[in-house]
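Next up is a structure, given as structure tokens.
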Amino acid sequence: MLDTAIIQQVTDIFRSLESRYTLSAHISAEHSAAAQMREFLADFATTSENITVETHEADNQALYFDILKEGAPTGITFRGIPNGHEFTSLLLAILNADGKGKNLPDEGVARRVRALQGDIRLQTYISLSCTNCPDVVQTLNIFALLNPNIRHEMVDGALFQDEVNEKGVQAVPSVFAEGELLHVGRGSLGELLDKLESKYPSVADDANGNVAPEHHNFDVIVVGGGPAGASAAIYSARKGLKVAIVAERIGGQVKETVGIENLISIPYTTGSELADNLRTHLTHYPIALFENRRIESTDLKGKEKHVRIKGGELFTAPAVIIATGAGWRRLNVEGEAEYIGRGVAFCPHCDGPFYAGKRVAVVGGGNSGIEAAIDLAGICQKVTVLEFMDSLKADQVLQDKARSLPNVEILTSMQTMKVVGDGQKVTALELKNRQTEELQTLELDGVFVQIGLSANSQPFEELEKSRIGEIIIDAHCRTSIPGVYAAGDVSSVPYKQIIIAMGEGAKAALTAFDDRVRGII
């Protein structure tokens, strides 16, 4: 099942393994993929003398294997054959168990994971074609390795369709905790940890109930790790300043972009590649990276700025550069939150296959919305585009393509009023024609929300913002508070583009340094 080239590559990767690992497989001969699973595991075991397979005959259509380290459970299970994008998840599960994975969190985050209490049983339903699924699977596998209270199971939904239907899974990845839906869609380590901390108690190790608080002091704190944040950190470090990046992840929203063709001098790259390059560039300077952090509160008005992170960490500096970017905008109508993952989706690439032969709507007539409609038209029975304005905003070439497709319908001047469901899944949208005020119901099986981004400025209540939540800046990236700067999509700078964000990050850093030299901060 694994070709010779892949086996050789994995063999090279596993040469440094120190511990012995057993893939303890439970396979029902009745399962249609039983032979494939046996062949996959046999091929995989040839990559290292430290990896063995033991197979147990099972019933009830069982098809899974546990990873054991020196004979002891790691808490990691793969139910299905981890091919496709999930092959990396299997490699990293073993490397991380051996302490050699490059995606292991720092001690501050690891301490929070180890503090989680209770019998935590997690299942992640995935599709092998999903590009967002591996990040979630790999994160939860790390949690299982760090905390013996946590067990995590990856489930290939295509092999257990009855189970998927029973649980109403309509989007991947879908994470269940003790049988209850915990998370749907892409998610960072910090976001997943936040959700687990909200559901399960954490052991406190100080009198105030905080988990291992720490205080970090720097010359400049950059909040956000996307193009603007990376640029700001690099320019600040080049001035000889002590710099920290505090972010949910390096790359930010860019990491979710499939193709990038307008980054001048680079004809084509992907968001993932660009995020990796940002990280590589950052490591060329003495910049402290604090990933998987979510801001809990800020105090920015004094000479020394305070940024407090969930989990108790405190960061202080005389200068703070905010580069938190933007996130997917939601409809914020009745029923939307209730049916996320059960008919309401945001990623047509990952979740489109769940709607093969079905009726769907795409809300949003910009480039992303029309591109989604074109993609979905290839697999769905019918695609209805709903645009709030009187005309589409997408490039004309995309409009022409969408209108040429026989199963794509485009409705303008349409306001989505409510997401309707039967308690298990979405069944319709309630709409209002903005020109006639007429209300109507559009029966469908799913809706993809593609209405753009909104600034991630919520934690910074002390700063002046625009009507739509962007942090207002001047021509030098200064905000309404001295010593606080903003750059990129979170700010009021026009045009949300990667190249503009990079320039704004550099400008913010240079302004902060100039203010430092002049004694303003």
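Of the residues that sit in the stretch 424-455 and are of a type in the set (S, T, N, Q) and in contact with a strand residue (DSSP E or B) (Cβ under 8 Å, 6 or more places away or on another chain), which one is nearest to residue 367 (Cα to Cα)?
Checked the stretch 424-455; the qualifying residue nearest to residue 367 (Cα to Cα) is 450.
From 455, 487, which residue is closer than 24 Å to residue 252 by Cα and in contact with a Cys (Cβ under 6 Å, 6 or more places away or on another chain)?
487
Among the candidates 95, 104, single out the residue that is assigned to a helix (DSSP H, G or I), within 23 Å of residue 17 (Cβ to Cβ) and either of a type outside the set (Gly, Ala, Ser) or open to solvent by 30 Å² or more (accessible area, probe 1.4 Å) (or both).
95
Moving on. Take the residues of the stretch 275-316 that are among the β-branched types (Val, Ile, Thr) and touching a residue at least 40 places away in the same chain (Cβ under 8 Å): which is nearest to residue 455 (Cα to Cα)?
295
A follow-up question, please. Name the one entry in 377, 402, 319 that is closer than 30 Å to residue 520 by Cβ and either out of contact with any Asp or Glu (no Cβ under 7 Å at 6 or more places or on another chain) or touching a residue at least 40 places away in the same chain (Cβ under 8 Å) (or both).
319
Give the residues of the stretch 386-405 that are part of a helix (DSSP H, G or I) and either among the small types (Gly, Ala, Ser) or open to solvent by 80 Å² or more (accessible area, probe 1.4 Å) (or both), sorted by residue number.
396, 397, 400, 401, 402, 403
Conditions first: (1) touching a residue at least 40 places away in the same chain (Cβ under 8 Å); (2) assigned to a loop (DSSP other than H, G, I, E, B). Residue 489 passes all but one, so which condition is the exception?
All conditions are met except number (2).
Looking only at the stretch 415-429, decide whether some residue is farther than 30 Å from residue 381 by Cβ, in contact (Cβ under 8 Å) with a residue 40 or more places away in the chain, outside any loop (DSSP other than H, G, I, E, B) and open to solvent by less than 40 Å² (accessible area, probe 1.4 Å).
Checked against the condition, which is being farther than 30 Å from residue 381 by Cβ, in contact (Cβ under 8 Å) with a residue 40 or more places away in the chain, outside any loop (DSSP other than H, G, I, E, B) and open to solvent by less than 40 Å² (accessible area, probe 1.4 Å), the stretch 415-429 yields no hits at all.
Taking the condition assigned to a loop (DSSP other than H, G, I, E, B), modelled with pLDDT of 95 or more, of a type in the set (Lys, Arg) and out of contact with any helix residue (DSSP H, G or I) (no Cβ under 9 Å at 6 or more places or on another chain), does residue 239 pass?
In short, no.
Just give me the residues in the stretch 468-489 being within 21 Å of residue 302 (Cα to Cα) and either at pLDDT below 95 or open to solvent by 40 Å² or more (accessible area, probe 1.4 Å) (or both), in sequence order.
Residues satisfying the conditions are 472, 474, 476, 478, 480, 482.
As an exercise: evaluate residue 368 against (1) free of Cβ contacts under 8 Å to residues at least 24 places away in the same chain; (2) under 20 Å from residue 129 (Cβ atoms); (3) of a type in the set (S, T, N, Q) and give the number of the one condition it does not meet.
Single failed check for residue 368: (1).
If I ask for residues that are open to solvent by 10 Å² or more (accessible area, probe 1.4 Å), closer than 24 Å to residue 82 by Cα and outside any helix (DSSP H, G or I), which ones from the stretch 181-206 would you list?
Once the filter is applied, which keeps residues that are open to solvent by 10 Å² or more (accessible area, probe 1.4 Å), closer than 24 Å to residue 82 by Cα and outside any helix (DSSP H, G or I), the stretch 181-206 yields 181, 182, 184, 185, 186, 187, 188.
Could you check residue 510 against (1) open to solvent by less than 50 Å² (accessible area, probe 1.4 Å); (2) touching a helix residue (DSSP H, G or I) at 6+ places or on another chain (Cβ under 9 Å); (3) within 18 Å of residue 236 (Cβ to Cβ); (4) not basic (Lys, Arg) and say which number it fails?
With (1) open to solvent by less than 50 Å² (accessible area, probe 1.4 Å); (2) touching a helix residue (DSSP H, G or I) at 6+ places or on another chain (Cβ under 9 Å); (3) within 18 Å of residue 236 (Cβ to Cβ); (4) not basic (Lys, Arg) applied to residue 510, the lone miss is (1).
On to the next question. Go through (1) more than 21 Å from residue 425 (Cβ to Cβ); (2) in contact with a helix residue (DSSP H, G or I) (Cβ under 8 Å, 6 or more places away or on another chain); (3) at pLDDT below 95; (4) polar (S, T, N, Q) and name the single condition residue 139 misses.
That leaves (3) as the condition not met.
Which of the residues spanning the stretch 276-294 are under 17 Å from residue 246 (Cβ atoms) and out of contact with any strand residue (DSSP E or B) (no Cβ under 6 Å at 6 or more places or on another chain)?
The answer is 278, 279, 282, 283, 285, 286, 291, 292, 294.
Residues being under 24 Å from residue 231 (Cβ atoms), in a loop (DSSP other than H, G, I, E, B) and either of a type in the set (A, V, I, L, M, F, W, C) or more than 19 Å from the chain's Cα centre (by Cα) (or both): count how many of those fall in the stretch 314-340.
So the count comes out to 2.
Something else: Given the options 175, 246, 211, name the one that is modelled with pLDDT of 95 or more and over 19 Å from residue 323 (Cα atoms).
Only one candidate qualifies: 175.
Looking at the stretch 310-330, which of its residues are surrounded by 24 or more Cβ atoms within 10 Å (Cβ to Cβ) and either in contact with a Lys or Arg (Cβ under 6 Å, 6 or more places away or on another chain) or of a type outside the set (S, T, N, Q) (or both)?
Once the filter is applied, which keeps residues that are surrounded by 24 or more Cβ atoms within 10 Å (Cβ to Cβ) and either in contact with a Lys or Arg (Cβ under 6 Å, 6 or more places away or on another chain) or of a type outside the set (S, T, N, Q) (or both), the stretch 310-330 yields 311, 315, 317, 319, 320, 321, 322, 323, 325.
Related question: Restricting attention to the stretch 8-55, report how many residues are open to solvent by 80 Å² or more (accessible area, probe 1.4 Å), touching a residue at least 40 places away in the same chain (Cβ under 8 Å) and farther than 20 Å from residue 160 by Cβ.
2
Let me ask something additional. Here are the criteria: (1) surrounded by 23 or more Cβ atoms within 10 Å (Cβ to Cβ); (2) more than 18 Å from the chain's Cα centre (by Cα); (3) part of a helix (DSSP H, G or I). Tell me which single one residue 245 does not satisfy.
(3)
Another question about this same structure. Somewhere in the stretch 261-277, is a residue in contact with a Leu (Cβ under 6 Å, 6 or more places away or on another chain) and open to solvent by 10 Å² or more (accessible area, probe 1.4 Å)?
no
Go through the stretch 347-385 and report how many residues are assigned to a strand (DSSP E or B) and buried (at least 24 other Cβ atoms within 10 Å of the Cβ).
Total meeting the criteria: 6.
The values are calculated or read from the model by the stated rules, or taken from the named source; none is laboratory data. Keep in mind the model is a prediction, meaning the values are calculated, not measured. Because the Cβ atoms are built from the backbone with ideal geometry, glycine has one as well, and the counts that use them run over all protein chains shown. The area values use the complete protein model at the heavy-atom level, side chains included, leaving out ligands, DNA and RNA. Shrake-Rupley method; radii C 1.70, N 1.55, O 1.52, S 1.80 Å.
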